[in-house]
1. Which GluC sites (Glu not before Pro) in the range 139-174 sit in a loop by DSSP (not H, G, I, E or B) and have at most 12 other Cβ atoms within 10 Å of their own Cβ?
2. In terms of modelled amide H atoms, which long-range or inter-chain residues lie less than 5 Å from the amide H of Val104?
3. Quick one: Karplus J couplings for the range 155-168, per residue in order, coefficients 6.51, -1.76, 1.60, θ = phi - 60°, nearest Hz, x for Gly and Pro?
4. Of Lys183/Lys262; Lys83/Lys223; Lys136/Lys295; Lys134/Lys205; Lys134/Lys274, which sit over 26 Å apart, Cα to Cα?
5. Are there GluC sites (Glu not before Pro) in the range 60-99 that DSSP marks as loop and that have at most 16 other Cβ atoms within 10 Å, and which are they?
6. As an exercise, identify the trypsin sites (Lys or Arg not before Pro) in the range 158-203 lying in DSSP coil whose Cβ has no more than 14 other Cβ atoms within 10 Å.
7. With a Förster radius of 45 Å, plug the Cβ-Cβ distance of Thr344 and Glu152 into 1/(1 + (r/R0)^6) and report the FRET value to the nearest 0.05.
8. Return the distance in nm (one decimal) between the two label points of a simple spin-label model at Phe130 and Cys162, each offset 7 Å from Cα along Cα→Cβ.
Amino acid sequence: MDLRVLVKIALLIFAGLSALGDRAESSSRSVTIFDSPSHSYVRHRSPGITGETNSMLLDDITASIYVLLGLPPPSLSAESSSKLNEILLPNPFERPDTVFLLEVGGIDGLIFSTQNSDFKVGNIFSSMVFESKKAKIYVPGEDDVYVFHVDENACAEDDFSCVDEELVKLAKWFGGSYAGSLKSHDGKLTIPLSTGSSLDLNVAKEADRMFAASLASLVGNTKRTVVNDFAQNRINSAELFIGHFRGLEALKVEYGEGDILKLGEQLVKDSIMKLFNTLQEFSSGRIACVVLSNKDANPSTENLLEVTQFPQLARWLDETSFNNDTSAEFKRVLLVRRSLAWITAIILLVSTLIGIYFLMNMQLTRDTLLYSNVKLD
């Protein structure tokens, strides 16, 4: 082979390896999926694994969410199907039907440890995500899937008394304290962390207030939804809790990559742990949590995952709308369906009677199927 051809091939291989290396280094997104200790749905993968072999696409994540909800995923490539098999355990009859989906901006890789005694978790799967485009999840109506958005603001920005109340509940939930108020510009929030340290926030600062209020809304909305809606025993219906948390971005802008941001990340992780434990109690352990981290996210960045719910019974509802135009059409359709049902029933009844008649009057001959082993002369 010509030397120049060999040189070109070597350069192409080197360029490809360099591109893969840059891709691995430039990845700022990751996903963590874990289940409860009483019900296993996820394969275990030790956190902290890096490299091209430990990578996923957003389509792989959405497919996993479909399967966890007990829904058929969209058409997948052979590679995506293989990746899905690496994430979930191969048991199609054992799915949690309850998924807690949370997208956290401003951080890459929330590592959850199974050694934490306060965190009741089973298997943990962690992977990098090499994709920046957003993905959509389409789920059927409430008869099949209930979607709860838990990231909406519980209070208006100018309703200081409501925000103060939410912060008091947040501090009490963690065993911390909240003193002062937003109106008097002396609000102090102190929350102890699972690592033994504590996070002190001056909510008079805009960044601290945005972080604390966002976290209080996420926690408060999730707890209220669990108590008021989720606890009503949805029979044959899956539940999807979805939230998008952007509070860490405000801390990053204000304090940079410092200790305050690290303490805030730990508080977010502790919040997810406690919320997951709460959801486990109401779902009897039949739940899986999906946490998508996006370090490059900022307040103007769109969400990577969006959920769209469509009405599954739209056609049936359209047929049963009794206005002047559709009432006659509905009656005609109903007449045709009933006629077909009666005709089919009559044909089956007559066929059954004729079959019984010929069976009861069948002659016992040498070729009779019922007595094929009997030799009659």
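1. Working: sites: Glu142, Glu152, Glu157, Glu165, Glu166; in loops: Glu142, Glu152, Glu157.
Filter output for the range 139-174: Glu152, Glu157.
2. Amide H neighbours of Val104, under 5 Å, 5+ apart: Phe245, Leu292, Ser293, Asn294.
3. 9, 6, 4, 8, 8, 5, 5, 5, 5, 4, 5, 5, 5, 5
4. Lys183/Lys262; Lys83/Lys223; Lys134/Lys205; Lys134/Lys274
5. Values: sites: Glu79, Glu86, Glu94; in loops: Glu94.
Answer by residue number: Glu94.
6. Lys183
7. My answer for the efficiency is 0.30.
8. So the two model labels end up 4.5 nm from each other.
Laboratory data are not the source of any read-out in this text; all were calculated from the coordinates shown. The structure displayed is predicted, hence computed values, not measured ones. Using ideal geometry, Cβ is built from the backbone for each residue, glycine included, and neighbour counts are taken over all protein chains shown.
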